[in-house]
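S.K.: Just dropping this structure here.
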Amino acid sequence: MAIMRADRTTNSGFGPSSVVYGGGSSDAGSSAEASDVQATPSSRCVMTGVALALGGAIVGWLLFTSVDPAPFRPASDYSVLAGLFVMAAAVERLLEPFAVYVGPKTTQTRSALENAVATAVTAPEAENLKAAANMQATLNRKRFERGFILWGAATLVATLLCAGFGLLMLRAVSAEPAKDPNRFMDLLVTGLVVGAGTKPLHDLVTRMQKAKEEATDPPETAS
């Protein structure tokens with residue numbers, strides 16, 4: 001059965017964190033079946049993240065209507081993605097110094113998990129396995145809770161920046177400006193996209209470039 005380990009990897013951008021379990025071959029038991037601690041985030045942290053995102057949309061809309069910036073009209077679809085990418089990178093760099101202050105903190109929980117796993121490896125008894133599994137579930141829960149709060153904060157900052165610069169994603173790609181979508185909803189969607197970080201935008205550009213290359217490549221001739 002696999003031994004649990006404290007994962008030290010970090011995600012690109014801000015959002016609910018993924019949980020990674022380590023490998024290994026031992027009889028110490030797996031984590032999920034033995035744990036009796038809920039790894040799902042608390043409703044309080046989830047609601048905090050949602051409140052930050054919605055608050056950013058409301059304040060961003062007030063900023064947008066008061067500043068009334070000139071609409072961002074790109075020359076191509078790639079120009080839209082470039083603008084979103086720059087905004088996403090700015091949000092990441094802006095929040096990065098403050099991310100260490102966002103709770104719940106996981107440093108002590110990671111140390112406790114490492115100690116619990118070491119104990120379970122040297123003495124694979126049911127009580128020690130249970131303690132290690134519970135500590136892993138606690139660490140997972142804290143990561144998810146911190147991820148939701150960072151997601152809400154990133155969405156808030158992204159929405160404010162997009163509102164100030166007049167960057168509305170759906171409006172920018174609209175073929176007919178007179179029929180552009182609801183601007184409040186457009187601002188909310190743009191804030192969610194930019195707040196998700198640079199990696200999703202980079203993956204989207206890569207897929208678009210690949211699709212374009214496949215569409216322009218001449219078909220192979222039969223030999």
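S.K.: Is region 69-77 home to any residue that is in a helix (DSSP H, G or I) and free of Cβ contacts under 8 Å to residues at least 40 places away in the same chain? Before the answer, list the steps.
M.R.: In the first step, residues of region 69-77 are kept if they are in a helix (DSSP H, G or I); the result is 77.
Filter once more, keeping what is free of Cβ contacts under 8 Å to residues at least 40 places away in the same chain: none.
No, region 69-77 has no match at all.
S.K.: Filter region 174-190 for residues that are modelled with pLDDT under 85 and surrounded by 13 or more Cβ atoms within 10 Å (Cβ to Cβ) and give the result. Outline the logic, then answer.
M.R.: As a first pass, look at region 174-190 and keep what is modelled with pLDDT under 85: 174-183.
174, 180, 181, 183, listed by residue number.
S.K.: A follow-up question, please. Limited to region 86-123, what total is found for residues that are acidic (Asp, Glu) and either in contact with a strand residue (DSSP E or B) (Cβ under 6 Å, 6 or more places away or on another chain) or free of Cβ contacts under 8 Å to residues at least 24 places away in the same chain (or both)?
M.R.: The first filter runs over region 86-123 and keeps only residues acidic (Asp, Glu), leaving 92, 96, 114.
From what is left, the residues that are either in contact with a strand residue (DSSP E or B) (Cβ under 6 Å, 6 or more places away or on another chain) or free of Cβ contacts under 8 Å to residues at least 24 places away in the same chain (or both) are 96.
Total meeting the criteria: 1.
S.K.: Of the residues in region 84-111, how many are of a type in the set (Asp, Glu) and either touching a helix residue (DSSP H, G or I) at 6+ places or on another chain (Cβ under 7 Å) or at pLDDT below 80 (or both)? Spell out how you get there, then give the answer.
M.R.: As a first pass, look at region 84-111 and keep what is of a type in the set (Asp, Glu): 92, 96.
Filter again for either touching a helix residue (DSSP H, G or I) at 6+ places or on another chain (Cβ under 7 Å) or at pLDDT below 80 (or both), leaving 92.
Of the residues in that region, 1 qualify.
S.K.: Could you give me the residue pairs with C-beta distances under 6 Å whose first residue belongs to region 50-62 and is assigned to a helix (DSSP H, G or I) and polar (S, T, N, Q), whose second residue is surrounded by 14 or more Cβ atoms within 10 Å (Cβ to Cβ) and modelled with pLDDT under 90 wherever it lies, and which are 6+ apart or on separate chains?
M.R.: Close Cβ pairs satisfying both conditions: none exist.
S.K.: So for region 112-127 (the condition being at pLDDT 85 or above, within 16 Å of residue 53 (Cα to Cα) and either touching a Phe, Trp or Tyr at 6+ places or on another chain (Cβ under 6 Å) or not basic (Lys, Arg) (or both)), does at least one residue qualify?
M.R.: no
S.K.: Sticking with this one: Mind checking which pairs have a first residue in region 171-190 that is of a type in the set (D, E, K, R) and a second that is modelled with pLDDT under 70, Cβ under 7 Å, 6 or more apart or different chains?
M.R.: 171/180; 180/174
S.K.: Select, from 83, 152, 164, 103, the only residue that is closer than 30 Å to residue 44 by Cβ and assigned to a helix (DSSP H, G or I). Please lay out each step first, then the result.
M.R.: Values: 83 fails: closer than 30 Å to residue 44 by Cβ; 164 fails: closer than 30 Å to residue 44 by Cβ; 103 fails: assigned to a helix (DSSP H, G or I).
After ruling out the rest, the residue left standing is 152.
S.K.: Here's a follow-up. Answer yes or no as to whether residue 157 is over 19 Å from the mean Cα position of the chain (by Cα), surrounded by 17 or more Cβ atoms within 10 Å (Cβ to Cβ) and either modelled with pLDDT of 85 or more or not in a helix (DSSP H, G or I) (or both). Full working, then the answer.
M.R.: Values: over 19 Å from the mean Cα position of the chain (by Cα): no; surrounded by 17 or more Cβ atoms within 10 Å (Cβ to Cβ): yes; either modelled with pLDDT of 85 or more or not in a helix (DSSP H, G or I) (or both): yes.
When the stated conditions are applied, residue 157 does not pass them.
S.K.: Let me ask you something else. For region 47-62, does any single residue satisfy the condition of being surrounded by 15 or more Cβ atoms within 10 Å (Cβ to Cβ), at pLDDT 80 or above and over 16 Å from residue 161 (Cα atoms)?
M.R.: Yes, region 47-62 contains a residue that is surrounded by 15 or more Cβ atoms within 10 Å (Cβ to Cβ), at pLDDT 80 or above and over 16 Å from residue 161 (Cα atoms).
The values are calculated or read from the model by the stated rules, or taken from the named source; none is laboratory data. Given the structure is predicted, the values throughout are model-derived calculations rather than measurements. In this analysis, Cβ positions are derived from the backbone assuming ideal geometry, glycine residues included, and neighbour counts consider all displayed protein chains.
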